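Inspection log for the structure reproduced underneath, given as structure tokens.
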Amino acid sequence: MNKLLITNTRPMGKDLTDILIVDGRIAAIGQNIAAEGITVEDAGGHIAIPGLVDAHTHLDKSLLGYPWYVNEVGPRLIDKIDNERQVKRDLGLDAHTQSMRQSLQSVGYGTTLIRTHVDIDTDQGLVALEGVMETRRQLAGIVEIEIVAFPQSGLMRRQGTAELLDRAMAMGADLVGGLDPCGMDKDPKGHLDTIFSIAQRHGKGIDIHLHESGELGAFSMEMIFERVRALGLQGKVAVSHAFCLGHPDWNMTQGLIDTCAELDIPILTTAPPSRETPSLKRLLAAGVRFGAGVDGFRDTWGPYGNGDMLERAMLLGMKNNLRRDDELPLALHVCTTGGAVVMERTGHEIALGGRGDIVLVEGETLAEAIVTHAPRKLVVTAGNVVARDGKSLRERP
């Protein structure tokens, strides 16, 4: 029986107490818990939060470990996609090595659960998927990784991609991905019919990148709603980015938000400062499941980011104008329990029976911990210590 006792900690910034984790679950919270024969970690008054959840990233894209990439890419989405495909070929990028580097860096920051989109295209086939699946296998017990088979280069515009997605699902990918049905493939019916068909065939969920803004994005969302209703897939289809929900037409966006709540369509954001994004308060008020992720970072798309979901909570708070100390924990919720709920992981919270994923953070309050995002004192996954003082205990390749 695996037991870990964390003493002198403040769960979610509250009073000092101890937390006992037994076989990966929180078995007791209180003072004077018997510690005989149990591994003990003294938190020294640090705040305990649930494991951070990166619910939208791209583990196969990172250039961590490479020299600085000089970005001279054009402004269009297709410019970035085509350039990335070429750079991957030129560098001979190994998805296993790169996903190990990013995953372990994220573990050092306190991430215990990841949803990653992995490129499936007719250039590289299933090689990236194989690499990330190997990373998932090697890091079992350190960080849990969920994989979305993602047609980054397009689906209908690249013949053979649909068949590769089908094979990816058979190999063990967890969800089917999609990308801008209008803007990328210019065939929204064909694109959506294809990914919904693959998902149904394999009994898996869907996570669709939707960068399309304004009325175009709203049109794509309506087509997604139609299919969710018709196929009875409530709760099984997520939309990432959903920039159209940040459109200034309040009535239009509220209608979309209310339908997301009705059909249980989760929304995943990366809180980019350069785009209009869904309103955190409006989504939560409507009852929409809402998570967040770091997206890609240190890659051919852009130089920003480091894998720190606590920093992402700060950015999410800034993007949503959360200034009060009682508001900032909303952003932390989205980056912890909220993301886990999107990924259908129950009990990802500091409560009896909850998952034994705990991160010790520094600060007098949760708000201070979020805005300073100091190195994490301790990271625990399923009751096992996996990182100390901001560094994973497993070395990065």
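The values are calculated or read from the model by the stated rules, or taken from the named source; none is laboratory data. Note that the coordinates shown come from a computational prediction; the quantities given were computed from them, not determined experimentally. Glycine also receives a Cβ, built like all others from the backbone with ideal geometry; neighbour counts cover every protein chain displayed. In case anyone asks, the SASA skips ligands and DNA or RNA and just uses the protein heavy atoms, side chains included. Shrake-Rupley method; radii C 1.70, N 1.55, O 1.52, S 1.80 Å.
The table below gives the values:
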read-out: Among the listed pairs Lys80/Lys281; Lys281/Lys319; Lys186/Lys236; Lys61/Lys377; Lys14/Lys319, those beyond 22 Å (Cα-Cα); value: Lys80/Lys281; Lys186/Lys236; Lys61/Lys377; Lys14/Lys319
read-out: Prolate/oblate/rounded label for the range 239-397 (Cα gyration tensor, a/c 1.5); value: prolate
read-out: Accessible surface, 1.4 Å probe, highest first, among residues Arg201, Arg101; value: Arg201, Arg101
read-out: Cα-derived Rg over Rh, computed across the range 44-115 with Rh taken as Kirkwood radius; value: 1.09
read-out: Separation in nanometres of the label points that stand 7 Å from Cα toward Cβ, at Ala286 and Asp79; value: 3.2
read-out: Per residue convex hull volume, Cα atoms of the range 306-397, in Å³; value: 115
read-out: Distance in nm between pseudo-label sites at Asp123 and Arg388 (7 Å out along the Cβ direction from Cα); value: 4.3
read-out: Among Ile267, Gly214, Ala230 - extreme Cα towards positive end, dipole of the range 206-305, charges at beta-carbon; value: Ile267
read-out: Selected from Leu315, Val380, Gly45, residue furthest toward positive end of dipole (the chain; charges at beta carbon); value: Val380
read-out: Measure of compaction for the range 200-295 (Cα Rg per 2.2 N^0.38 Å); value: 1.00
read-out: Å² per residue, accessible surface of the chain at 1.4 Å; value: 40
read-out: Sulfur and carbon atoms: percent of accessible area, the chain [1.4 Å]; value: 50
read-out: Mean-position separation - Cα centroids, the range 256-317 and the range 27-88, in angstrom; value: 15
read-out: Value in Å of the Kirkwood radius, where the range 32-180 supplies the Cα pairs that are averaged; value: 17.1
read-out: Accessible area, probe 1.4 Å, largest first, for residues Leu129, Leu20; value: Leu20, Leu129
read-out: Area accessible to solvent at Met252, 1.4 Å probe radius, in Å²; value: 40
read-out: 20 Å-binned pair-distance histogram of the chain (Cα, whole percent); value: 29, 58, 13, 0
read-out: Net dipole in debye of the chain [+1 Lys, Arg Cβ; -1 Asp, Glu Cβ; about Cα centre; nearest 20]; value: 280
read-out: In sequence order, calculated HN-Hα J values of the range 294-309 (Karplus, 6.51, -1.76, 1.60; Hz; x Gly/Pro); value: 8, 6, x, 8, 6, 9, 6, 7, x, x, 7, x, 8, x, 8, 6
read-out: Hull-based mean projected area of the range 121-259, where the convex hull spans the alpha carbons, in square nanometres; value: 8.7
read-out: Total formal charge among the other residues, if their Cβ is under 10 angstrom from that of Glu349, Lys/Arg +1 and Asp/Glu -1; value: 0
read-out: GluC sites (Glu not before Pro) within the range 1-74, DSSP loop, no more than 11 other Cβ atoms inside 10 Å; value: Glu36, Glu72
read-out: Note, ³J(HN,Hα) from phi for the range 171-184, Karplus 6.51, -1.76, 1.60, rounded to Hz, x at Gly and Pro; value: 6, x, 5, 8, 9, 9, x, x, 8, 5, x, 8, x, 8
read-out: Sequence-distant residues sharing a close amide H with Thr269 (under 5 Å, placed H); value: His241, Gly291, Ala292, Gly293
read-out: The range 97-177: radius of gyration over Cα atoms, expressed as a fraction of 2.2 N^0.38 Å; value: 1.11
